[in-house]
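Reading through the structure tokens given below for one structure.
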Amino acid sequence: MILHPHFDVNEAGHLTVAGVDAVSLAEKYGTPLYLIDTDAVRAMCRLYKNTVKTAFGGASVPAYAGKALCYKGLYRLIAEEGLSADCVSSGELYTAHSAGFPMERVFFHGNNKTDEDLAYALELGVGHVVVDGTDELEALERIAAEKGARAKILLRITPGIDPHTHKKIVTGSVDSKFGMAIATGQAFDFVKAALAAPHIELDGWHCHVGSQIFDIDPFTDACDIMLAFTARVKALFGYTPKILNLGGGMGVRYVEDDPGIDYVKNLTDMGAEFDRMCALYGLEKPAVVLEPGRSIVAAAGATLYTCGSVKTVTGFRNYVSIDGGMPDNPRYALYQSRYTVVNASRAAEKSDFPCTLAGRCCESGDLIAEDAALAQPKRGDIIAVLVTGAYNYSMASNYNRIPRPPVVELSSEGDRLAVRRETREDLLALDL
Ligand SMILES: *Cc1c(COP(=O)(O)O)cnc(C)c1O
């Protein structure tokens with residue numbers, strides 16, 4: 001096993017993903033290639049579904065955050081597993097709807113939904129719009145009135161938490177483009193306005209503190225702040241929410257020195273704290289929604305590349321270049337995210353060749369890892385980057401006019417092409 005149980009080495013000395021030889025997958029589908037072990041995704045869905053229900057009470061559910069990995073087949077899987085979903089754009093809504101996802105189980109997010117987005121969400125019958133601010137509330141009231149509809153909503157509230165993570169993915173602190181802050185008092189006016197709007201049905205609150213969080217303190221702090229807010233709102237307006245949505249953000253193990261995470265224990269501990277706090281504030285327990293994205297799909301994924309140039313800059317370092325890079329994985333360029341890389345063709349050999357894994361773009365920041373060690377790579381070897389299931393395909397671009405790789409699903413039923421490879425013709429499809 002390498003890092004997670006579905007990564008291993010076979011007798012040929014090749015990396016296996018979900019028991020399948022990575023080198024033969026690269027031969028069959030070409031590179032770069034995204035792989036996703038859907039049995040691993042399903043296992044995480046079941047873990048969340050069962051544990052959230054027992055830890056937080058009957059009506060509590062996980063909602064998969066589609067921005068982590070979004071294509072039709074994945075929404076079908078999420079629907080089959082009985083999870084709700086969180087969508088952040090009309091494009092994600094369209095994908096979910098096209099896959100037959102039950103739209104009443106969707107939470108629609110975003111700090112700047114357009115009038116068209118809001119109208120489209122109402123047309124598709126989205127379960128809850130998570131309203132981000134006062135002017136969006138006014139827009140939704142107007143659009144719902146025009147349609148003779150009543151929009152069910154949650155309000156996005158900013159609890160003001162720094163989850164000790166990378167600051168670009170901190171979204172819950174007071175100075176944020178997301179939500180309305182409790183600390184400034186604006187959250188109370190927001191509730192008052194929602195309660196007064198005739199075409200709006202307020203079902204509760206949402207908050208999201210950040211991403212790649214390893215311990216439960218930021219979540220229990222957020223829960224505490226949100227329940228204290230709930231108690232204040234109850235005292236001020238006599239209103240009690242049905243739903244408390246605590247967002248996503250549970251971490252994932254990307255490299256050996258990341259801690260392992262016991263998701264069941266974390267969720268169970270959070271549930272116990274939630275019970276204690278509800279009792280402390282004298283509140284009936286609302287249904288809790290959690291929105292895991294990364295922790296559902298990241299570990300289930302890997303990306304395969306073909307090794308090209310291997311270059312030593314004398315006195316500096318070794319560069320190993322692959323046939324992908326920032327167009328299919330921009331996370332190192334954006335956040336210096338760390339990854340485990342493996343020479344999939346020589347996975348049984350010692351990883352003793354220190355190198356920087358570089359992409360193929362005309363951009364010196366186009367790197368995937370700077371502190372990598374591979375078994376001596378040769379042109380033509382298959383190089384794997386592990387734990388790429390989240391925020392890789394969903395963040396992919398056509399920078400340098402590079403076509404996006406396909407997504408292949410692996411499961412006990414075999415391998416299946418879920419998203420085909422973009423072609424050169426696809427690159428011209430919009431050019432008039
Ligand atoms: C990004 C995001 C999530 C998912 O976060 P993960 O770190 O992938 O679990 C959930 N909810 C909201 C509102 C988000 O913005």
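Nothing in this text is a laboratory measurement; each read-out follows from the coordinates by a stated rule. Bear in mind that the values here come from a model prediction, so they are computed numbers and not experimental data. For neighbour counting, all protein chains shown are included, and Cβ atoms are generated from backbone atoms with ideal geometry for every residue, glycine included.
Computed from the C-beta positions of residue 114 and residue 145 and an R0 of 25 Å, the FRET efficiency is 0.90 to the nearest 0.05.
Quick one, what does Rg over Rh come out to for the chain if you take C-alpha atoms and the Kirkwood Rh? That ratio is 1.00, to two decimals. Taking 389, 100, 110 as the candidate residues, the one with maximal mean-square fluctuation in a Gaussian network model of the chain, Cα springs under 10 Å, is 100.
Between 349, 256, 413, the Gaussian network model of the chain with springs among Cα atoms under 10 angstrom shows the greatest mean-square fluctuation at 413. Each of 397, 337 was scored by other Cβ atoms within 10 Å of its Cβ. Listed from fewest to most, they are 397, 337. Shape class of the stretch 289-357 from the Cα gyration tensor (axes a ≥ b ≥ c, square roots of the eigenvalues): prolate, since a/c reaches 1.5 or more and a/b is larger than b/c. Distances between placed amide hydrogens fall under 5 Å for residue 158 paired with 180, 181, 182, all partners being 5 or more residues away or on another chain. Note on the chain: helix-only mean residue ellipticity at 222 nm, from DSSP H runs of 4+ residues weighted -39500 (n - 2.57) and normalised by residue number, equals -9000 deg cm²/dmol. Placing a pseudo-label 7 Å from each Cα along the Cα-to-Cβ vector at residue 269 and residue 177 gives an inter-label distance of 3.3 nm. Return a whole-number percent for the relative contact order of the chain, with Cα pairs under 8 Å and 6 or more residues apart as the contact set. About 19 percent, as a whole number. Label sites at residue 362 and residue 195, each approximated as a point 7 angstrom past Cα along Cα to Cβ, lie 6.0 nm apart.
Using the Karplus relation 6.51 cos²θ - 1.76 cosθ + 1.60 with θ = phi - 60°, the per-residue 3J(HN,Hα) values for the stretch 424-430 come to 4, 5, 4, 5, 9, 4, 9 Hz, with x marking Gly and Pro.
By the rule of a C-alpha distance below 28 Å, with chain neighbours fewer than 8 residues away ignored, the lysines paired with residue 113 are 67, 72, 147, 152, 167, 168, 177, 192, 242. In plain terms, the residue of 314, 95 with the fewest other Cβ atoms within 10 Å comes first and the most crowded comes last, giving 314, 95. Under the combined filter of DSSP loop state and at most 10 neighbouring Cβ atoms within 10 Å, the stretch 170-267 retains these trypsin sites (Lys or Arg not before Pro): 177. Hey, quick one: spin label on residue 184, modelled 7 Å out along Cα-Cβ, who in the stretch 226-262 has an amide N within reach, i.e. under 19 Å? Within reach of a label on residue 184: 226, 229.
Among 46, 294, 401, 360, a tally of other beta-carbon atoms within 10 Å of each Cβ gives an order, fewest to most, of 401, 46, 360, 294. The alpha-carbon of residue 350 sits under 27 angstrom from the alpha-carbons of these lysines, leaving out residues fewer than 8 places away in its chain: 28, 311, 378. In summary, the helical segments of the chain meeting the span-like criteria, namely a full DSSP H run, a Cα extent along the axis of 20 angstrom or more and a mean Kyte-Doolittle hydropathy of at least -1.0, are 38-56, 217-237, 263-280. Let a ≥ b ≥ c be the square roots of the eigenvalues of the Cα gyration tensor of the stretch 110-212; is it rounded (a/c under 1.5), or, if not, prolate (a/b larger than b/c) or oblate? It is prolate, given that a/c is not under 1.5 and a/b is the larger ratio. Here residue 417 and residue 8 are evaluated by their C-beta separation; at R0 = 30 Å the FRET efficiency comes out at 0.85. In this structure the amide hydrogen of residue 355, modeled in the peptide plane, comes within under 5 Å of the amide hydrogens of 372, 373, 374, none closer than 5 places in sequence on its chain.
Dividing the mean sequence gap of close Cα pairs (under 8 Å, 6+ apart) by how many residues the stretch 233-347 holds gives a relative contact order of 27 percent. Seen through its C-alpha gyration tensor, with square-root eigenvalues sorted a ≥ b ≥ c, the stretch 354-432 comes out oblate because a/c lies at 1.5 or above while a/b is not bigger than b/c.
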